[in-house]
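Just so it is clear, none of the values below were taken in a lab; they were calculated from the coordinates. Quick caveat, the model's predicted, so the values are computed rather than measured. Note that each Cβ is placed from the backbone with ideal geometry, even for glycine, and that neighbours are counted across all protein chains shown.
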Amino acid sequence: MHFGRHISGQFNAELESIRTHVLTMGGLVEQQLSFAMQALHKDDIELAKKVVRDDHKVNAMEVSIDEACTRIIAKRQPTAKDLRLVMAIIKTITDLERIGDVATRIARVAIEQPSTKQQKFHVSLEPLCRQAITMLHQVLDAFARMDVDAVAEVYKLDDKLDAEYEAVVRQLMTYMMEDPKNIPNILQVMWSARAIERVGDRCQNICEYIIYFVKGKDIRHLDEQAINDIL
């Protein structure tokens, strides 16, 4: 990606290296989320344990990228668009790390509720998690290209994710009413559903950071019409 001309070619290389590491971190987080869902669906305890073990890799990448951004600010004192990029990256990796935490939470549910009796509760999460993974994949693709048009499409996907979450909650509440003995286990699944729904919010946040970098506009807390005008 062309960030602009700098006197120092090394500065360009540093920015590109950091951006590449963000995409690598995003790919790992996407894999973690996918593996966690597979573990839950297939009752695969070993895969779930792998997700939990690998969470430290996501955390380490966040720390490493954050430190690299701090060094660039201290050494290069970036301004204008370069500074916006560094700030967007710092915020993006925070959201990615929290999505990684969601994957770990789902994996722990798979470990703690391995009984096939819980399978129908776990199946409720599948469409929701697939939608969240799709949204994450698309926002990472938009980040790779800093594509505002793609961002606009991803931003709208959160409505579908919210609708899917509401459907899951209704289904799980029905299960609770059918057999109150299942309430503790269903609550675990419901908390996981809420965490997955929050993945959509994290992806929307990343959309906002991309728009901030490209357009120089902060769209947080703006209404839909104002956002459309900027896009």
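How about LYS50: which lysines have a C-alpha closer than 18 Å to its C-alpha, ignoring those fewer than 8 places off in the same chain?
Hits, sequence-local ones excluded: LYS42.
Report the gain in length on full extension from ASN12 to THR24: 0.36 nm times residue separation, minus Cα-Cα distance, nm rounded to one decimal. Could the numbers behind the result be given before it?
Values: separation 12, 0.36 × 12 = 4.32 nm, distance 1.85 nm.
Once the chain is fully extended between ASN12 and THR24, it gains 2.5 nm.
About the Cα centre of segment 9-230, what is the dipole size in debye to 20, counting +1 per Lys and Arg Cβ and -1 per Asp and Glu Cβ, all else neutral? Walk me through the numbers on the way to the answer.
Values: 29 positive and 35 negative charges, 102 e Å.
Dipole size: approximately 500 debye.
For volume of the Cα convex hull per residue in Å³, one of (i) 143; (ii) 113; (iii) 191 was computed from the structure I shared and the rest are decoys. Which label?
Entry (ii).
For ILE111 and ARG71, compute 0.36 nm times the residue count separating them, minus their Cα-Cα distance, and round to one decimal in nm. Walk me through the intermediate numbers first.
Working: separation 40, 0.36 × 40 = 14.40 nm, distance 3.98 nm.
That works out to 10.4 nm of additional length.
So which of LYS156/LYS217; LYS120/LYS181; LYS49/LYS120; LYS57/LYS215; LYS57/LYS91 end up more than 24 Å apart by C-alpha? It would help to have the intermediate numbers written out before the result.
Values: LYS156/LYS217 18 Å; LYS120/LYS181 15 Å; LYS49/LYS120 21 Å; LYS57/LYS215 32 Å; LYS57/LYS91 18 Å.
Over 24 Å Cα-Cα: LYS57/LYS215.
Where does each of 160-170, 92-102 land if you order them by average Cβ count within 10 Å, highest first?
Details: 160-170: 16.5, 92-102: 21.9.
Going from most to least packed, we get 92-102, 160-170.
Using mean Cβ contacts within 10 Å as the protection proxy, how do 30-42, 141-153 order, highest first?
Numbers: 30-42: 21.2, 141-153: 16.8.
Per-residue Cβ counts within 10 Å, averaged per peptide and sorted highest first, yield 30-42, 141-153.
Go ahead and run the numbers for FRET between ALA144 and ASP43, Cβ-Cβ distance against an R0 of 41 Å, rounding to 0.05. Write out the running numbers ahead of the final one.
Values: r = 34 Å, r/R0 = 0.84.
Efficiency, rounded to the nearest 0.05: 0.75.
Taking only Cα atoms, what is the 0 to 90° angle, nearest 10, from helix 126-145's long axis to the longest principal axis of the chain?
For 126-145 against the chain, the angle is about 10 degrees.
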